[in-house]
Structures are given as structure tokens and as C-alpha cells.
Amino acid sequence: MKLYEYEGKSLFKRVGIPVPNGVVTSEPIRWQGKAVVKSQLLEGARGKRGLVRVTEDVYNTILELKKLGVEKFLVEEFIPHEKEFYASVLLDRETAEPMLVLSREGGIDVEQAKDVKKMIIPLERGVRSYDIVEAEKYLGVKGLGQIIQGLYKLFVDYDAELVEINPLALTNDGRILALDSKVILEDNALYRHEDLLKELGRQEVRDSYVELEGDIGIIGNGAGLTMASMDLVKLNGGNPANFLDVGGGANREHVKESVLKVGSNPRVKKIVINIYGGITRCDEVALGIIDALKEVKKPIFVRLLGTNEELGKKILRENGVNVYDDVLKMIGDAVRS
């Protein structure tokens, strides 16, 4: 489960990682001085897409972004800074231990960074003072203790896949702040964190999800129907990005979270949803899709058949979603679009 930036920063605060002062809002607000308006979406490359803006007119900036379909914003004080770094903790697949990753090159082009340091920090010992000294020496800054300890604690305590700060900024007055957050929690461990899910207003998604290498997201209900959808994508010359079976009886919230999960994969360019509604109600599926589309701005192709299908199709069509009766035409259009 990916967390929104503001949710990740709320966890940062718990472990003493400093972040800029800010507020979360769904409506335009008045703000004194320069600020950063950040669209809250479960997608990457927001800065490159113009969805993060530095402005002295917060009110009208939010109005402009709302016209693009953005519904929630994090508004923060603008922090002048001298340098940007990258810092994260994730799982090292070879050792099955937490790994601290650092780079002297942070910001929106961090993927191209050539200067990266990796440090394995075993669970049996945790972060030690010499780890912090080594990290500070590498980045050329002091005061990283709370940052590194906090990242490591969040990774371990919340069963995370990734806890990331990009950029980690050195300010003009010598402070170190997390200007952004990226936190991904392990879906299979969410049952251990029901209090956090309740606090965030999120729902554990109990489904079968396997990530693949393609660019077409696949959602179905029932393993057979989902796998058949994947096969049809391949036969039409496309490449599935995942397998996701929402199971029987999926409700509105479950469908929304499933679409958010698939849509937040940066490789996914479009999403195919193939639903046969027996226990599952097509109108609930449609409402979940529309809820997710407020945050995931990617083309969705839907086939609905079964209980309340006409109502479900009506809901989707009224909101501009591609709805099909013929599964072959749906898959063909999705691959060729």
C-alpha cells in the first residue's frame, strides 16, 4: 500500500524526522508568503507534470489544479535550501536485511544519479553510531542521526517495502528537512497495522496481486477471468503489468483501493477491468472506479456483466469511462490506444 505524501510525513513526525510546516486541504485557502502547493496523488513524477508548484498565490494555484481533477493538496512553507540529497531504507533482496541507500544527488532526476551509496544494516543490531558517521561523511553533512534512525524505525515497525526522502534538503540556515516522503507498506502485513489503517482512513485490500513487467494494468474478479484477460492482452500484442483478482463481493472501497494500487505503478499506462458480477455488484464496482479516477489519471477500459450492470454502465459512461459489452473489442482498444 502506497501512502500519500502527507500520510508519510505524519509518520516522519512520529519518529522525529523534521518536515516543513504545512496543512492538508481539499479547497482553496489563503496563505501568507511563498508556499509549495503539492497535489496529493499516488503517482510519481508530480513535479515534472506541473502538479507541484511554488507560488505566492496559493488560493488561485489550488483553483487551477482542481480544474485538472486534483482533489487533495498539501500546502507547505517554502524552504530555501543549498543542497538536495536522497535517503531511503528498503529491503536488500540478497541478504533479506534492511538497506540504507544514500545519494549526494537528490530531486526529480534522482533515477539518473550515478553517485549512490548502499549500506546493509542487519535487523539483529539496528542502526549504530558508526553507521551514522559513515553516512554523514559520505553526504558531507552533520546531524543525520534522527533522520536515519527514523527511516529505519518506520521501515521495521510498519513492515514497509520502502521509506524514502527525496529530496532531503540542507537549508540555508543549516537545518536538514525532509521535503518529500514516499512510504510503501507491505500489503501482506497490513493486518498487523489495523490501528494505522483506521487512523489514515484506508482499507486493507485483501486480493491476489502479482506485479509483472508490462504497461497494461489488469483487474478482474476470479483468477480464471483475470488470467484470461491477461492472455487476451498478450494475444493482441500488449504486455500485462500485473495480475490482480479482487475476488467475489468486492465493494466500492475495495475496488477503489485496487485501482489505486494498479494505477500507482509508474509503468502502467492504461488499465483493463473485466468484471463478471454475481455476488459482486456492478454499480459498486463502477462507483469504486470513479472514486479512484479522482486520483489516478490514466485511461481505464471496463467490461461489466452481471448484477446491476446497466446501472454500473450508466455511472461509468456519465463519468467518461470507456465501457464495453464485447471483451475482445475492449482489449483491442486498450492495447492499440
Pair list, Cβ < 6 Å and 6+ apart or interchain, from the stretch 87-99 residues that are touching a residue at least 12 places away in the same chain (Cβ under 8 Å) to residues that are open to solvent by 20 Å² or more (accessible area, probe 1.4 Å) and in a loop (DSSP other than H, G, I, E, B): Glu97/Pro122
Considering residues of the stretch 272-301 that are more than 15 Å from Leu260 (Cα to Cα) and aliphatic (A, V, I, L, M) only, the residue nearest to the chain's Cα centre (by Cα): Ile275
Asp326 being closer than 16 Å to Gly220 by Cα and not assigned by the TED database to the domain that holds Leu42: yes
Of all residues in the stretch 242-275 being open to solvent by 20 Å² or more (accessible area, probe 1.4 Å) and part of a strand (DSSP E or B), the one that is modelled with the lowest pLDDT: Asp245
Among residues of the stretch 133-167, those that are within 20 Å of the chain's Cα centre (by Cα), charged (D, E, K, R) and closer than 18 Å to Ser103 by Cβ, counted: 1
Inter-residue pairs, beta-carbon under 9 Å, first closer than 18 Å to Arg202 by Cβ and open to solvent by less than 20 Å² (accessible area, probe 1.4 Å) and in the stretch 282-293, second polar (S, T, N, Q) and part of a helix (DSSP H, G or I), 6+ apart: Gly288/Ser258; Ala292/Ser258
Long-range neighbours under 9 Å by Cβ, at least six apart or interchain, first residue basic (Lys, Arg) within the stretch 11-28, second crowded, with 16+ Cβ neighbours inside 10 Å: Lys13/Val19; Arg14/Gly150; Arg14/Lys153; Arg14/Leu154
Residue within the stretch 74-97 that is open to solvent by 20 Å² or more (accessible area, probe 1.4 Å), of a type in the set (Phe, Trp, Tyr), outside any helix (DSSP H, G or I) and under 30 Å from Asp291 (Cβ atoms) present: no
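The values are calculated or read from the model by the stated rules, or taken from the named source; none is laboratory data. Note that the coordinates shown come from a computational prediction; the quantities given were computed from them, not determined experimentally. For neighbour counting, all protein chains shown are included, and Cβ atoms are generated from backbone atoms with ideal geometry for every residue, glycine included. Ligands, DNA and RNA are stripped out before the accessible areas are found, and what is left, the full protein with its side chains, is counted by its heavy atoms. Shrake-Rupley method; radii C 1.70, N 1.55, O 1.52, S 1.80 Å.
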